[in-house]
1. Would you check which residues across segment 42-87 are crowded, with 17+ Cβ neighbours inside 10 Å and polar (S, T, N, Q) and list them?
2. Run Glu61 past the list (1) at pLDDT 95 or above; (2) in contact with a strand residue (DSSP E or B) (Cβ under 6 Å, 6 or more places away or on another chain); (3) not small (Gly, Ala, Ser) and report the number of the one that doesn't hold.
3. Filter segment 1-16 for residues that are of a type outside the set (Ser, Thr, Tyr), modelled with pLDDT of 90 or more and more than 16 Å from Ser52 (Cβ to Cβ) and give the result.
4. Checking Tyr35 against (1) modelled with pLDDT of 90 or more; (2) aromatic (Phe, Trp, Tyr); (3) not in a strand (DSSP E or B), only one condition comes out false. Which one?
5. Six or more apart or on different chains, Cβ under 7 Å: which pairs go from a residue in segment 48-73 that's more than 13 Å from Ala5 (Cα to Cα) and touching a residue at least 12 places away in the same chain (Cβ under 8 Å) to one that's in a helix (DSSP H, G or I) and not polar (S, T, N, Q)? Could you list them?
6. State all residues of segment 48-87 that are part of a strand (DSSP E or B) and in contact with a Phe, Trp or Tyr (Cβ under 9 Å, 6 or more places away or on another chain); if no residue qualifies, say none.
7. Please count how many residues of segment 38-47 are part of a helix (DSSP H, G or I) and either within 12 Å of Cys4 (Cα to Cα) or of a type in the set (Gly, Ala, Ser) (or both).
Amino acid sequence: MIICAAIMYKNKVFRGHRHSHCFQAMEDSYNTRPYEFSKVKPADVEAGFVDSFNSFLDRDEALEVARACGQVDELIGGKILTSEDLY
């Protein structure tokens, strides 16, 4: 079961209700200001989710789990799983 949105940055996982909350948690963790993270390359950040086993899953893996658990039928945003699809 998918528990929450998450991002992975430098092998650290940051959790939140929405992915934007994950970025805020990342900023808080590094005790920095948002504009300093504007230099972060999108390729360095992986958006995904955390499951009930506390494992980070990328969006494709999370979609498989969410469908298997009956958490999602149709996707709001098209082909990728977003937190809005779950709650």
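The values are calculated or read from the model by the stated rules, or taken from the named source; none is laboratory data. Source: prediction; values computed, not measured. Every residue, glycine among them, receives a Cβ derived from its backbone with ideal geometry; neighbour counts consider all protein chains shown.
1. Residues satisfying the conditions are Thr82, Ser83.
2. It fails just one condition, (2).
3. Listed by number, the residues that qualify are Ile7, Met8, Asn11, Lys12, Phe14, Gly16.
4. Condition not satisfied by Tyr35: (1).
5. Short answer, once both residue conditions are applied: Gln71/Leu86; Val72/Ala66; Val72/Asp85; Val72/Leu86.
6. The answer is Gly48, Phe49, Val50, Phe56, Leu57, Asp58.
7. So the count comes out to 2.
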